[in-house]
Amino acid sequence: MTDNIIETRGITKSFGSLKASDDISIDLRAGEIHAIIGPNGAGKSTLIHQICGGLAPDAGQVLLGGQDVTALTTAARARKGLGRTFQISALAMEDSVLENVLLGAMGASGRPWRFWQAIMGDRSLRERAEAALERVGLMDQRHIRTSALSHGQRRQLEVAVALTLDPRAFVMDEPMAGLGAEGSKNLTGFLDGLRAQAPILLVEHDMDAVFALADRISVLVYGRIIATGSVDEIRTNADVREAYLGEEA
Amino acid sequence: MIRESYLNAALLAGLLAVPLYALVVDEPFTITLATRAAILALAAVGLNIALGWGGLVSFGHAAFFGIGGYSMGILAFHAQNFVPLDLGIMVFDGTKSMPIIWLVAVLASALAALLIGLLSLRTSGVYFIMITLAFAQMFYYFAISWARYGGEDGIPIYVRNDFPGLNTLVPIQFFGICFVALLLALWLNARLVASPFGLALNAARQVPVRVQTVGLDPTRLKLVAFVMSGAITGLAGALFADLNRFVSPSMFSWHLSGELIVLIILGGVGRLMGPVLGAVMFVALEHWLGGLTTHWHIALGAILLGVVLFARGGLIGLLCGPRGQT
Ligand SMILES: Nc1ncnc2c1ncn2[C@@H]1O[C@H](COP(=O)(O)OP(=O)(O)O)[C@@H](O)[C@H]1O
Ligand SMILES: [Mg+2]
C-alpha cells in the first residue's frame, strides 16, 4: 500500500489516431498540491476525465486510496472521496446558488431518497451547504438564480460544491479560467489554505498561480508526462523550456 | 407578473366553481366537461413529473393511461358479468370498488413504468421519445387483439363503480372524487419538488454530470420519477374509464400521449399547475371550437405554435415569469 490518495498507472487513451493519454503514471500525496500543466490540447482534461470516471482508459489503472477504481462509475468514485470541479462550469443554472450546494451536501449525505420532507427544512444539510458558501464568499448570493451569477462567481460556486463533499482529494480542471488577475489572486490564496484539508490535483494554465501553489508540477505534452518535479526543477528543466515554455534550450 | 401561488389558487378555485355553478343551474354536461378536465389534468400531472422535472419526453404515457383504464375495465367486467377471473394461482370475482380498482391501476402502471423505464432510460433524446412511443403502441395493438376483453370494441361497463358513502352516478359526486384525486396528486407533486429527491431530480435534468460528481446516479433518479409519473397517469386512466363507463384500445393511442404533452406545453413544462391550466384550456377548446368545426385541432395547433414561439415557459411562464426560484 502507498499513501497516495490518487494514483494512475500507465493510463493510455486514444481518440482515433490521436494519443490523448500516453502511458501516464502520476500520483497525488497527502497535503500537497500537484499541478499539471501543458499546452492546449495536451490531454489534461482527458486525464482528469479518466481519473474521475467520465472516460474509460484503453489501458492502465486509476487508484483511489490504493484501491483500483478503474471499473467504477463517476458517482461511485465521488462517494469514495473525489471532489471535482469542471473546466466549464457544470451547475444547475435554473436553481438558486444555495440549491446547487445543497445538492452537494445531499450527495455527501448519501440520502437522496426522501420524497416528502422539505430539503430547506433539513438543518444539517443546510448548515453544510451554507458553510461551503461562506468559505468561498457567496453567502450573500445564496438566493440568486445561478444563471445570474458572474463568471467568476460561478467558478467560486464550482469550488463550493466540491467543498460540500468534504472529499479526500480535490481534482480541479482550470479553476482560474477566465477569472482575471484579482479573481485568480483570491482563488490562489484560497487553494493555498485548502491543501491542509485535502490534497489538490490541479490542472491550471495560470503560471503565476501554479508556481505560487504547487508542491510538485507535472508537465504534459502530446499526451505524455515529460517531467515531474518541484517548482524550481520544472522552471530550470531544459526539456520543459523547449517543449512548453517555448524557449531555446 | 402574477405570483404563481395566487394563479394556482385561482385556477383550482375556477375548476371547482364551474361544476358547482353548473349544478345550481342544472347543466350536468358542464360537470362532465369539468370532470374530464380534472382527469386529463391528473394524467398530465403524472407526465409532468417525468417531463418537467426529469426532462424525460415520454411519448408513451398512453401506455399507463390505458393500463389504468384496462385495470378498471377488467375488474369491473368480471364483477358485472359474474365471470370469475382465473389468475392461475387464485380465482378472483372482480370488483366494482373504486379504491381497489385504483390500487390495482396504480400498481400495474407503476410496474409497467418500471419495466419500460429500465429499458428506455438506456437511451435519451429522440431515441427515448421513439422507444416510449413504441412501447405504448405495443400495448395498443395488444389491446386490439385481446378478444376476451372486447378487442377493438373495448369493454362497456354498465354501472359506474362504487365508492363508499357516495353515489358515483351523480355527476357532481364523481367530479368531487376526481377533483380530490387531482388535489392529492398536486400536493404530492409539490412536496416532491421541495424534497431532497426533487432537488436531485431537477439537477439530473439540467446537468447529469454534476449529479454524478456529487455521488448520485441521475438515471436511477429519473427511473424513480418515471415510475411515480406512470402510476399517477395510470390512476387517471382508471378514473377516465369510469367517467365514460367504457374502456377501449384508444386509451393506449399515441394521440393521447401527444395530447398530454401538448397540454403540459400549453400550461407550462415543470410548473406545478401547468397541466391543470393546459387541461382546462384543452377541454374548453375541444368543446367550444369542436362545436363550431371539426377542424378545431388546427386552432389548437396555432395556439401551441404561438406558445412555443413566444412563451417558452407556457402560459404560466408568460404570466408568472421563468421557473425555478426559491
Ligand atoms: N471525446 C473526444 N473525442 C475525440 N477527441 C478528443 C475528445 N476529447 C478530447 N479530444 C482531443 O484530445 C486532445 C486533448 O484534449 P484535452 O484533454 O481537452 O486537452 P487539454 O485539456 O489539455 O487542453 C485534443 O486534441 C482534443 O481535441
Ligand atoms: Mg482542458
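Summarise the accessible area of the range B:119-209 (1.4 Å probe, protein heavy atoms) by the percent that is carbon and sulfur. Write down the numbers at each step before the final one.
Working: 3080 of 4470 Å².
That share works out to 69 percent.
Partner shielding of A:154-163 amounts to 1, given as the average count of beta-carbon atoms from other chains within 10 Å of each residue beta-carbon. Placing a label point 7 Å from the Cα of residue A:14 along the Cα-to-Cβ direction, the residues of the range A:32-58 whose backbone N falls under 14 Å of that point are A:58. Which longest run of chain B has no exposed loop site in it, a site being trypsin sites (Lys or Arg not before Pro) in a DSSP loop with at most 14 other beta carbons within 10 Å, and the site itself not part of the run? No qualifying site falls inside B:123-311, the longest such stretch.
Using R0 = 35 Å, the C-beta based FRET efficiency linking residue A:71 and residue A:231 works out to 0.50. Probing with 1.4 Å while keeping every protein chain in the model, the per residue accessible area of the range A:57-183 equals 39 Å².
Counting only other chain Cβ atoms within 10 Å of each residue's Cβ, the peptide B:184-195 averages 2. Long hydrophobic helices in chain B, taken as whole DSSP H segments with a C-alpha length of 18 Å or more on their own axis and mean Kyte-Doolittle hydropathy at least -1.0: B:4-24, B:28-48, B:62-81, B:98-120, B:125-145, B:171-194, B:218-244, B:254-267, B:274-292, B:296-310.
Against chain A, whose longest principal axis comes from its Cα atoms, helix A:180-194 is set at around 80 degrees.
Let me confirm one metric for peptide A:75-82, namely the mean number of other chain beta-carbon atoms within 10 Å of its residues' beta-carbons.
The shielding value for this peptide is 4.
For the range B:285-326, backbone nitrogen atoms closer than 20 Å to the point 7 Å from residue A:144 Cα along Cα-to-C-beta are found at B:322-326.
Work out the FRET efficiency for residue B:298 and residue B:92 from their Cβ-Cβ distance, taking R0 = 41 Å, and round it to the nearest 0.05. Intermediate values should be presented prior to the final figure.
Values: r = 47 Å, r/R0 = 1.14.
So, using R0 = 41 Å, E works out to roughly 0.30.
Give the residues of the range B:219-236 whose amide nitrogen is closer than 20 Å to a point set 7 Å from the Cα of residue B:100 in the direction of its Cβ. Within reach of a label on residue B:100: B:235-236. A simple packing score, the average count of other Cβ atoms within 10 Å per residue, orders the peptides B:289-296, B:161-168 as B:161-168, B:289-296, with the highest score first.
For helix A:97-109, what angle does its Cα long axis make with the longest principal axis of chain A, in degrees from 0 to 90 and rounded to 10? With rounding to tens, the tilt is 80 degrees.
Could you compute the FRET efficiency for residue A:80 and residue B:85, with r as their C-beta to C-beta distance and R0 at 56 Å, rounded to 0.05?
Working: r = 51 Å, r/R0 = 0.91.
E(calc), rounded to 0.05, equals 0.65.
The B-A contact accounts for roughly 3100 square angstrom of buried accessible surface, both chains included, probe 1.4 angstrom.
Burial annotation for the range A:93-115: residues with an accessible-area loss of at least 30 Å² between the isolated chain and the complete set of protein chains, computed on heavy atoms with a 1.4 Å probe, are A:94, A:95, A:99, A:103, A:106, A:107, A:112, A:113, A:114, A:115.
Please check the range B:206-247 for residues whose accessible area, probe 1.4 Å, is lower by 20 Å² or more when all protein chains are in place than in their chain alone. Listed by number, the residues meeting the 20 Å² cut-off are B:206, B:207, B:209, B:210, B:212, B:213, B:214, B:215, B:216, B:220, B:221, B:224.
So, with a 1.4 angstrom probe, what is the percent of accessible area on the range A:90-166 that is carbon and sulfur?
47
Close amide H partners of residue A:221, meaning residues 5 or more places away or on another chain with modelled amide H under 5 Å apart, are A:226.
The values are calculated or read from the model by the stated rules, or taken from the named source; none is laboratory data. Values in this document were obtained by computation on a predicted structure and should not be read as measured data. Heads up, the Cβs are rebuilt from the backbone with ideal geometry, glycines too, and the neighbour counts pull from every protein chain shown. For the accessible areas, the whole protein counts, side chains as well, though only heavy atoms, and no ligand, DNA or RNA atoms are used. Shrake-Rupley method; radii C 1.70, N 1.55, O 1.52, S 1.80 Å.
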